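Working notes, structure below.
Throughout, read-outs are computed from the coordinates displayed, never taken from laboratory work. On a predicted model such as this, the values are computed, not experimentally measured, just so you know. Using ideal geometry, Cβ is built from the backbone for each residue, glycine included, and neighbour counts are taken over all protein chains shown.
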Amino acid sequence: MKTRAAVLYDAPRPMASAMVVEELELDPPGVGEVVVKLAASGVCHSDYSVINGNIPHPLPVVLGHEGAGTVVEVGAGVRSVKSGDTAILTYVTPCGRCYFCTTGKPALCTTHSRDTPPGTLLDGTCRLHKRDTRYRQLTRLGTMSEYAVVSENAVVPIRPDTPLDKAALIGCAVTTGVGAVLNTAKVEAGSRIVVIGAGGVGLNVVQGARLVGASRIIVVDVVPSKLEYARKFGATDLVNAKECDPIQAVMDLTDGIGADYAFEAIGGARTIEQAFRMIRIAGTAVVIGIAEHDAEVRLPATMFPRGERRLIGCYYGSSRMRVDMVKYLGLYRDGQLNLDALVTKTYTLDQVNEAFVDMQEGRNARGVIVFD
Ligand SMILES: [Zn+2]
Ligand SMILES: [Zn+2]
């Protein structure tokens with residue numbers, strides 16, 4: 001069948017003309033694979049990092065890794081989903097067999113992250129092509145396409161009455177940000193936390209912190225419009241790091257003690273170092289942002305034993321996607337997670353470049369591409 005998709009042919013590229021929307025040929029689903037008709041695809045900073053070359057990726061590639069839609073066809077041997085199912089897609093395709101999958105950590109699947117080429121299906125081959133050229137799918141999804149063939153393991157069935165532009169965000173930003181608080185850090189009620197970076201993930205760290213009853217939610221960014229979004233999602237204190245020393249600001253806001261938890265949601269060596277220096281003795285700094293592939297952090301070694309500080313990583317909110325994504329949808333239905341205000345603008349697939357420029361300018365909490 002044919003599908004229209006947003007393709008990146010070259011990187012780094014200027015945002016205003018990075019993506020080419022064109023028709024590609026989509027092969028039928030193989031064993032254990034399904035065809036999904038996309039309803040919505042969020043526009044995430046990780047897509048942007050592929051365009052600007054900070055995340056190197058084989059090209060050409062269809063971008064998009066935050067999607068929701070409907071299963072319209074299933075390949076041989078598919079048992080966990082059926083045609084007609086409404087679903088969120090996961091940007092890690094867990095194999096179900098490796099050490100991490102079988103010990104309850106599907107987000108860390110090494111078949112996905114290490115043993116299979118980037119942007120293919122789990123058997124190492126591609127389903128998208130045009131004449132002799134094969135196209136990769138970012139994170140084995142490529143959600144900026146009308147249709148995608150994905151592994152059934154990347155499909156989380158949800159209730160059919162879910163608004164899919166909101167559900168799509170659970171595919172990346174919500175699960176990563178809320179999961180960092182609930183699963184990775186296990187933040188206790190009453191905690192004082194700081195979040196560096198008020199993008200889609202950072203705003204969901206704020207939501208998660210509010211959900212567990214954090215007493216102080218300090219948000220650090222350099223873009224005033226993003227700080228204002230953070231306030232809407234529950235931030236109690238806003239710090240513009242362009243106007244002050246953010247470490248000193250956090251110390252002042254925590255009686256000179258430091259934050260119980262700091263979350264780095266940008267992906268930069270300097271901001272990771274800042275997050276570590278913002279925590280109190282026996283506090284925890286959590287690195288969520290994906291830095292440039294060769295970035296290194298420098299920290300005073302004595303701060304680890306003297307003061308028992310912890311620096312830990314978080315990938316995909318340490319989630320078990322099939323459990324956590326359905327849980328977050330339930331919290332949305334109960335009014336405890338705000339997904340509606342996250343979607344500040346929707347775009348057509350043909351407006352994809354405009355969506356990336358708006359992201360670059362910090363105009364949206366989240367921009368979402370909506371399909372017909
Ligand atoms: Zn993402
Ligand atoms: Zn695995």
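Observations on the structure shown:
- Note on residue 22 and residue 350: the extension gain reaches 117.2 nm, defined as 0.36 nm multiplied by sequence separation minus the Cα-Cα distance.
- Helix-only [θ]222 nm of the chain, DSSP H runs n ≥ 4, -39500 (n - 2.57) each, per residue, nearest 500: -6500 deg cm²/dmol
- Nearest 10 degrees, 0 to 90: helix 269-278 Cα axis against the chain principal axis: 40
- The Rg/Rh ratio of the stretch 178-315, with both radii computed over alpha carbons and Rh defined as the Kirkwood radius, is 0.93.
- Couplings for the stretch 126-138, taken from phi via the Karplus curve 6.51 cos²θ - 1.76 cosθ + 1.60 with θ = phi - 60°, read 9, 9, 9, 7, 9, 6, 8, 7, 9, 10, 7, 10, 3 Hz in order; Gly and Pro are left as x.
- Taken one residue at a time, the phi angles of the stretch 158-165 give Karplus couplings (6.51, -1.76, 1.60, θ = phi - 60°) of 9, 4, x, 8, 7, x, 7, 5 Hz. Gly and Pro are set to x.
- Other-chain or far-sequence residues with amide H under 5 Å of residue 78's (modelled H): 32
- The convex hull drawn around the Cα atoms of the stretch 199-250, when projected onto a plane and averaged over every direction, covers 3.3 nm².
- Ellipsoid equivalent to the chain - semi-axes via the Cα gyration tensor, in Å: 34, 21, 20
- For the chain, the number of Lys pairs with C-alpha atoms closer than 24 Å, counting only pairs eight or more positions apart or on separate chains, is 23.
- Under the Karplus curve 6.51 cos²θ - 1.76 cosθ + 1.60, θ = phi - 60°, whole-Hz ³J(HN,Hα) for the stretch 342-356, x wherever Gly or Pro sits: 5, 7, 9, 7, 10, 9, 7, 4, 5, 8, 4, 5, 4, 4, 6
- On the beta carbon distance between residue 9 and residue 248, with R0 = 51 Å, the FRET formula returns roughly 0.65.
- Under a 5 Å amide H cut-off, with hydrogens placed 1.01 Å from N, residue 195 pairs with 218, 219, 220, 263 among residues at least 5 apart or on other chains.
- Extension gain (nm, one decimal) between residue 97 and residue 83, 0.36 nm per residue minus Cα-Cα: 2.6 nm
- Amide H contacts under 5 Å for residue 311, placed H, 5+ residues apart: 285
- The stretch 187-203-the stretch 68-118 distance, computed between alpha-carbon centres (Å): 29
- For the peptides 74-84, 216-226, the ranking by packing is 216-226, 74-84, with the highest mean count of neighbouring Cβ atoms within 10 Å listed first.
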